[in-house]
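A.B. asks: Got a structure here, written out as structure tokens. Questions coming.
Only the coordinates and a few stated rules stand behind these numbers; no lab work does. A quick note: this is a predicted structure, and the numbers were derived from the prediction, not measured. Neighbour counts run over all protein chains shown; Cβ positions are idealised from the backbone, glycine included.
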Amino acid sequence: MSGNCRTTASKTDLLDRFRPLFEPRAYAVVGASTSKVTLGNEMLHHLRSMDFDGTVYPIHPKADEVEGLKAYPSLGETPEPIDFAYIVVAASQVPKTLAAAKGRVKFALVVSSGFGEREESKGLQEELLRAANEAGVRVVGPNCLGTYCPAGRVTFIAGSAKDSGPVGVISQSGGLGVDIIRRGSIRGIRFSRLITVGNSADLGASDILEFYAADPETKVIGMYAEGISDGRRFFQILRDLNGAKPVVLMKGGRTEQGQRAAASHTGSLASDERVWLALAEQTGLVLVDTLEEFLDTLLAFQYLTPRTDHPTRDVVMFGNGGGTSVLATDFFARTGLEVPRFADETVRRLEEMNFPPGTSIDNPIDAPGGTMRVDDGRVAGRIVDAVYASGTPDAFVMHINLPVFQVSYDQGADYTGHLVESALEAQHRASGHTHFALVLRSDGSIEVEERKIADRRNAQALGVPVFDELPNVAGALAALRHYERFLQKHR
């Protein structure tokens, strides 16, 4: 960390102030109904499903009980102060709901929309802020969906994983936050925290970024933002971070058309594309364009340790699928990575293995199904030994076209497991720092997808990130390279 970073005391204060936002002990839900299912009722169910062990207070103006829990008329009438209030009522009712808190609520997340997204609703947002300031409440939103923190046992979507991980996410979009959790979890991403910030009328992306920068549970930071209202502060936080944690930004509104969409979505003013490119160069910020890139890049940073001696460049590929390897080589080249030819000594060692016909032993190593089956898949370890004997590459990417092995899998074989395990054993025997990644390619059939899920889980248990296609891993390694270049220059 740079010398400009917060002192230990101020970091502790920051952690103490924001922890109730993600790990509340007293949780209020405003807007649950006794007669129909609302987002408030769903939130009560989500807390139960996460085994939330704090105290939950439904707030209802008339009911004595909601969803089996004792209800209270307002935020100012609960038996104890509230750490976090989840508010899902009509926009016009939000200011008076906050005013009733009377200094007894630390954080309130306002789901309701109809505030600053359009010019005519900005007056109501100002009224919301006045009420919050007078009541001493920090507001998340409005126009957002919730928070997710496995350690705090809180979520805003059904089926959330309960195990924590190193990835902290800030999303200006609630719906995209849902996608990030669901699709990221399938990929193997494990989250420390995720928050949707919506209009960011009070607390915004920079506030949460500063907290994540200090949070020991968050090692990798991901953001979706349509606009940053306090750009200078955002820049300074990134400068102070100085690459201590990777920050991956999926920026909405980088084109003129996108800026118009952002303005109508969350009322954000998006910045010029050149500003973000300059920011990435100066701070190590990793910019991505799509949700797929965002998730793949977070996955790579979760599993792979960035090198500081030199940026990733040389990649070795091994797997079944010649055309796939050729196309991937082009893609790697376009992202600034190289798939270099092997040294003559490496080729000689591979030739001595007498692989079945059809095997290409230059980089990329194209191995038909018969080659991949040698020694029940443990041939991969011998290949890694041969390649690494001439020096470890920056990255080794194994790709497996799963349908080729489906009949064997049905008969109980575990080629994927043997391929990965033997390759890792060989890598551990070698010196050097090589990023090892796995690509599991599927034809989309139910049988193969089920196999892919199992193989992905097993590989990740060994510490291996798993990607869907070779271009995905190429993009993720290129993002890693960008971050490593920054580390080499600035740390």
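A.B. asks: How charged is the neighbourhood of residue 466? Take every other residue with its Cβ under 10 Å from the Cβ of residue 466, and add Lys/Arg as +1 and Asp/Glu as -1.
C.D. replies: That sum, taken over residues with Cβ under 10 Å, equals +2.
A.B. asks: When the chain is fully extended, how far beyond the present Cα-Cα distance does residue 70 get from residue 308, taking 0.36 nm per residue of separation?
C.D. replies: Between residue 70 and residue 308, full extension yields 80.1 nm more.
A.B. asks: I've got another one for you. Give the residue from 335, 275, 29 lying farthest towards the positive end of the charge dipole for the chain; charges sit on Cβ (+1 for Lys and Arg, -1 for Asp and Glu) and the dipole is referred to the Cα centre.
C.D. replies: The one lying farthest along the dipole's positive direction is 29.
A.B. asks: Which FRET efficiency value, to the nearest 0.05, is calculated for residue 151 and residue 446 with the Förster distance at 51 angstrom and r the Cβ-Cβ distance?
C.D. replies: So, using R0 = 51 Å, E works out to roughly 0.90.
A.B. asks: Another question, if that's okay. With a length cut of 27 Å (Cα positions projected on each helix's long axis) and a Kyte-Doolittle mean of at least -1.0, go through the chain and give me the DSSP H helices that pass.
C.D. replies: 470-490
A.B. asks: If each DSSP helix of 4+ residues adds -39,500 (n - 2.57) and the sum is divided by the residues in the chain, what number results at 222 nm, nearest 500 deg cm²/dmol?
C.D. replies: Value at 222 nm, helices only: -13000 deg cm²/dmol.
A.B. asks: Something else about it: Would you kindly state how much longer the chain becomes between residue 334 and residue 275 on full extension, computed as 0.36 nm times their sequence separation minus their alpha carbon distance, in nm to one decimal?
C.D. replies: Once the chain is fully extended between residue 334 and residue 275, it gains 18.9 nm.
A.B. asks: Okay, moving on. For the chain, take N as its residue count and report Rg(C-alpha) divided by 2.2 N^0.38 Å.
C.D. replies: Normalised Rg, Cα atoms only: 1.09.
A.B. asks: Let me ask something else about it. Let me know the whole percent of all Cα-Cα pairs from the stretch 147-303 that are separated by more than 28 Å.
C.D. replies: 13
A.B. asks: Right, something else. Rounded to the nearest 20 debye, what is the charge dipole size of the stretch 315-490 about its Cα centre when +1 sits on each Lys and Arg Cβ and -1 on each Asp and Glu Cβ?
C.D. replies: I would put it at about 520 debye.
A.B. asks: Let me ask another. Can you compute the modelled spin-label distance between residue 341 and residue 158, with each label point 7 Å from Cα toward Cβ, in nm?
C.D. replies: Inter-label distance under the simple model: 5.8 nm.
A.B. asks: Turning to a different aspect of this structure: For the stretch 8-140, build the charge dipole from Cβ charges (+1 Lys, Arg; -1 Asp, Glu) around the Cα centre, then report which of 49, 92, 60 sits farthest towards its positive end.
C.D. replies: Among 49, 92, 60, the one farthest towards the positive end of the dipole of the stretch 8-140 is 92.
A.B. asks: Still on this structure: Checking the cross-link filter: which lysines have an alpha carbon closer than 25 Å to that of residue 102, excluding same-chain neighbours under 8 positions apart?
C.D. replies: 62, 70, 122
A.B. asks: Residue-wise, which Karplus ³J(HN,Hα) couplings in Hz belong to the stretch 364-372, taking 6.51 cos²θ - 1.76 cosθ + 1.60, θ = phi - 60°, and x for glycine or proline?
C.D. replies: In residue order, the calculated couplings are x, 7, 9, 10, x, x, x, 5, 5 Hz.
A.B. asks: Let me ask something additional. Show the residues, 5+ positions off or on another chain, whose built amide H is closer than 5 Å to the amide H of residue 316.
C.D. replies: Here the answer is 395, 396, 397, since their amide H atoms fall under 5 Å of that of residue 316.
A.B. asks: Explain nothing, just the number: dipole magnitude of the chain about its Cα centre with +1 on each Lys and Arg Cβ and -1 on each Asp and Glu Cβ, in debye rounded to the nearest 20.
C.D. replies: The dipole magnitude comes to about 1220 debye.
A.B. asks: Tell me which residues come under 5 Å, amide H to amide H, from residue 165 once H is placed; ignore anything under 5 positions away on its chain.
C.D. replies: 191, 192
A.B. asks: A further question on this structure: With +1 on the Cβ of every Lys and Arg and -1 on the Cβ of every Asp and Glu, and nothing else charged, how large is the dipole of the stretch 82-165 about its Cα centre, in debye rounded to the nearest 20?
C.D. replies: The calculated dipole for the stretch 82-165 is roughly 340 debye.
A.B. asks: Past 19 Å, Cα to Cα: identify those pairs from 11/162; 245/452; 245/489, in the order given.
C.D. replies: Correct reply: 11/162; 245/452.
A.B. asks: Out of residues 5 or more away from residue 467 or on other chains, whose amide H comes under 5 Å of its own, with H placed 1.01 Å from N in the peptide plane?
C.D. replies: Under 5 Å from the amide H of residue 467: 438, 439, 440.
A.B. asks: Towards the positive end of the charge dipole of the chain, with charges on Cβ (+1 Lys, Arg; -1 Asp, Glu), say which of 78, 462, 406 has the farthest Cα.
C.D. replies: 78
A.B. asks: Stretched out fully, how many nm does the piece from residue 16 to residue 433 gain, at 0.36 nm a residue minus the Cα gap?
C.D. replies: Net length gain for the segment: 146.4 nm.
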